[in-house]
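First comes the structure, then the notes that go with it.
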Amino acid sequence: MAVSRVAIANRALTKLGAARIIALDDDSQASNTIDSMFDIVRDAELRANLWHFSKARAQLPALSERPPFGFTYQYQLPSDYLRLIQINDVRLQPNPTVDGWYSIEGGRILISQPAPLRVRYVRRVEDPTLFDALFVEAFACRLAAESAETLTQSNTKKQAAWQEYKEALAAARRANAIERPAVATDDDTWLESRH
């Protein structure tokens with residue numbers, strides 16, 4: 001069966017023990033609730049985790065207009081941009097310390113690197129047939145958790161959906177559907193004494 005928006009919605013509803021829907025616009029509480037959050041939750045999940053299927057590359061030309069101050073160049077981000085992964089050869093950390101070598105403002109990257117600027121980024125993927133199967137599962141769990149209060153008024157079902165979401169992410173990481181960058185560790189004195 002091909003993955004569709006309705007199939008993902010029904011996966012989420014099944015997790016809550018709610019009735020399945022035929023279409024996202026069938027005017028039921030379930031379809032209205034899921035439809036109202038589908039795109040927002042999808043983009044949040046794509047942005048939160050580095051799913052392999054949503055990675056993209058681009059070479060950006062410098063814009064003719066220079067930033068007023070602080071940086072030499074500015075580049076328009078791609079229209080499907082959600083999150084930056086790498087600039088030229090510098091891989092960005094998930095929680096970088098702010099050192100001011102670039103800034104993302106108003107859909108642009110401000111930086112003092114000459115063109116072309118090579119970037120790797122997380123892109124918005126709207127076609128469900130392109131989703132990784134493990135993303136579908138995690139996304140359905142997240143939709144279930146986010147809609148549980150409205151559809152079930154059950155904190156127990158909401159907590160269960162969040163727990164299932166965490167388990168789905170763990171399964172995706174084990175299967176390498178989500179990239180987790182290596183965490184650098186400082187050498188300790190014992191290691192340094194061994195050299």
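Since every read-out is calculated from the coordinates, none of them should be taken as a lab result. Note that the coordinates shown come from a computational prediction; the quantities given were computed from them, not determined experimentally. Because the Cβ atoms are built from the backbone with ideal geometry, glycine has one as well, and the counts that use them run over all protein chains shown.
Using Cβ counts within 10 Å as a stand-in for footprinting exposure, how do F131, F139 rank, fewest first?
Fewest-to-most Cβ neighbours within 10 Å comes out as F131, F139.
Hey, what does the equivalent ellipsoid look like for segment 48-141, semi-axes from the Cα gyration tensor as sqrt of 5 times each eigenvalue, largest first, whole Å?
The equivalent ellipsoid of segment 48-141 has semi-axes of 28, 14, 11 Å.
Let me check against my output: what whole-number percent is the relative contact order of the chain, with C-alpha pairs under 8 Å and at least 6 apart?
Once divided by the residue count of the chain, the mean separation gives 26 percent.
Order 170-177, 9-16 from most to least packed using the mean count of other Cβ atoms within 10 Å.
Going by the mean number of other Cβ atoms within 10 Å, highest first, we get 9-16, 170-177.
When every alpha-carbon pair in the chain is counted, what percent end up more than 27 Å apart?
The share of Cα pairs beyond 27 Å in the chain comes to 45 percent.
For the pairs K55/K166; K15/K55; K15/K158, note any where the Cα-Cα span goes beyond 20 Å.
K55/K166; K15/K55
Going by average Cβ density within 10 Å per residue, which order do the peptides 46-57, 17-28 take, highest to lowest?
46-57, 17-28
Give me the number: length gained by fully extending Q86 to S36, i.e. 0.36 nm times residue separation minus the C-alpha to C-alpha distance, one decimal in nm.
Gain on extension, Q86 to S36, equals 14.8 nm.
Please give me the summed charge of the neighbours of L134: other residues whose Cβ is under 10 Å from its Cβ, Lys and Arg +1, Asp and Glu -1.
Summing Lys and Arg as +1 and Asp and Glu as -1 gives 0.
By DSSP, what percent of the beta bridges with both residues in segment 55-123 are antiparallel, rounded to the nearest 5?
100
If each residue of separation counts as 0.36 nm, what is the full-extension length gain between A170 and L63 once their alpha-carbon separation is subtracted?
Contour length minus Cα-Cα distance gives 34.4 nm.
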